[in-house]
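**Student:** For reference, the structure I am asking about is given below.
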Amino acid sequence: MTELYQHRARKRFGQNFLHDAGVIHRILRAIHGRPGERLLEIGPGQGALTEGLLGSGARLDVIELDQDLIPLLRLKFGLNPLFTLHQGDAMKYDLSSIAAGDRLRVVGNLPYNISTPLIFHLLSFADIIADMHFMLQKEVVERLAAVPGNGDWGRLSIMVQYHCRVEHLFNVGPGAFNPPPKVDSAIVRLVPHTERPHVARDPVLLERVVREAFGQRRKTLRNTLKGTLDSAAIEAADVDPGLRPEQLDLAAYVRLANQLASS
Ligand code: SAM
């Protein structure tokens, strides 16, 4: 690139640009875009993944917050008819306006400072998303993919697994980025269920039960859910009130939420 477009990575936008060609190829192979598909990249940055995504022949929309990166992205990809650039905050985007009736495959080396709220925002569009591939802080991927009984199992695991199948694909060290982040990273694949294995009558109540249960991880459900569900109601959902929140699986949380819905 010419000096005109040299960009200094900005911390406040969570900018750690990928520069390891091996890692970039591995991510692109995992995504495996095809002509006719609709891809959406969040935070294209300087285009490390964008180039390969467009090379797949799929249509690609990108959302980039940093205005200073827009001229570079236009210069690199603006002439490609498959490419559409949106400048703005992905947290505020209505994805249905981009999808326009298609199902989106969402991709992003996400800014780590906003990755959790961004994932929750995207989950509200789960029914128009075919799949998602994200680079995230490794610890966050471990929480997403956690199983009950494990210390990582919590609100994030349960709410994401309610909507999606989660696959921890591979880890990426700090050296793959410029500047290198202080943490290890990992690639995760989230595939929204076409049919949910467990259905909450009111997902807002599921969110509430999970939040309250994990408000105090070390206490028993009898205590953490006090004021929401008493012991008899917990037992009516076929759950032992003497258990701690991390001992319950997704199905048990959905039963508790449905018990609350019927009370
Ligand atoms: N995809 C590029 C790469 O792999 O090299 C850049 C990844 S960098 C970790 C995150 C990117 O997301 C940056 O380009 C940053 O400006 C952009 N970004 C940060 N917050 C955003 C937001 N709310 N909406 C859209 N893009 C955002």
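**Student:** Using per-residue counts of other Cβ atoms within 10 Å, averaged over each peptide, order 226-233, 65-72 from highest down. Let's see the in-between values first.
**Tutor:** On the way: 226-233: 14.6, 65-72: 16.6.
For the peptides 226-233, 65-72, the packing ranking is 65-72, 226-233.
**Student:** OK, next. Can you pull the Kirkwood radius for the chain, inverse mean 1/r over Cα pairs, to one decimal in Å? Please report the intermediate quantities before stating the final value.
**Tutor:** Values: mean 1/r = 0.0506 Å⁻¹.
Its Kirkwood hydrodynamic radius stands at 19.8 Å.
**Student:** Based on the Cβ-Cβ distance of Val204 and Ser97, what FRET efficiency does E = 1/(1 + (r/R0)^6) give at R0 = 30 Å, to the nearest 0.05? It would help to have the intermediate numbers written out before the result.
**Tutor:** Details: r = 24 Å, r/R0 = 0.80.
The formula returns an efficiency of 0.80 here.
**Student:** Follow-up question, since we're still on this one. So, R0 is 41 Å and r is the distance between the beta-carbons of Asp184 and Asp240; what FRET efficiency does that work out to, to 0.05? List each step's numbers first, then the result.
**Tutor:** Values: r = 36 Å, r/R0 = 0.89.
For R0 = 41 Å, the calculated efficiency reads 0.65.
**Student:** Right, something else. On the first, second and third principal axes, largest extent first, how far apart are the outermost C-alpha atoms of the stretch 172-263 in Å?
**Tutor:** The Cα atoms of the stretch 172-263 stretch 54, 34, 18 Å along the principal axes, largest first.
**Student:** Out of every Cα-Cα pair in the stretch 1-81, what percent are more than 19 Å apart?
**Tutor:** Values: 1221 of 3240 pairs.
Cα-Cα pairs in the stretch 1-81 separated by more than 19 Å: 38 percent.
**Student:** In this model, which of Lys11/Lys226; Lys11/Lys92; Lys76/Lys182 are farther than 31 Å apart at the alpha-carbon? Write down the numbers at each step before the final one.
**Tutor:** Working: Lys11/Lys226 42 Å; Lys11/Lys92 20 Å; Lys76/Lys182 29 Å.
From the list (Lys11/Lys226; Lys11/Lys92; Lys76/Lys182), the Cα-Cα distance tops 31 Å for Lys11/Lys226.
**Student:** Something else now. What does the helix-only formula give at 222 nm for the chain: each DSSP H stretch with n ≥ 4 adding -39500 (n - 2.57), the total divided by the residues, and the result rounded to the nearest 500 deg cm²/dmol? It would help to have the intermediate numbers written out before the result.
**Tutor:** Numbers: 11 runs with 88 residues, N = 263.
About -9000 deg cm²/dmol.
**Student:** Check the straight Cα-Cα distances from Lys138 and name the aspartates and glutamates below 18 Å, setting aside those fewer than 8 residues away within the same chain.
**Tutor:** Counting by Cα, and skipping residues close in sequence, Lys138 has these aspartates and glutamates nearby: Asp20, Asp152, Glu167, Asp184.
**Student:** Using the count of nearby Cβ atoms within 10 Å as a rough guide to exposure, how do Leu110, Leu79 rank from fewest to most? Write out the running numbers ahead of the final one.
**Tutor:** Numbers: Leu110 22, Leu79 8.
The order, fewest Cβ neighbours first, is Leu79, Leu110.
**Student:** Evaluate the relative contact order of the chain (contact order divided by residue number), counting alpha-carbon pairs under 8 angstrom at least 6 apart; express in whole percent.
**Tutor:** Numbers: 443 pairs, mean separation 40.4, N = 263.
In percent, rounded to a whole number, it is 15.
**Student:** Starting from the Cα of Gln87, step 7 Å along the direction of its Cβ; do the same at His32; then give the gap between the two resulting points in nm.
**Tutor:** Result for the modelled spin labels: 3.7 nm.
**Student:** Amide H neighbours of Leu39 under 5 Å, counting only residues 5+ apart in sequence or on other chains, H built in-plane at 1.01 Å?
**Tutor:** Residues meeting the criterion, in which the H sits 1.01 Å from N, are Arg59, Leu60, Asp61, Arg105.
Just so you know, all these numbers are worked out from the coordinates, no wet-lab data involved. This structure is a prediction, so every number in the text was calculated from the model and none was measured. Don't worry about glycine lacking a Cβ; one is built from the backbone with ideal geometry, like all the others, and counts go over all protein chains shown.
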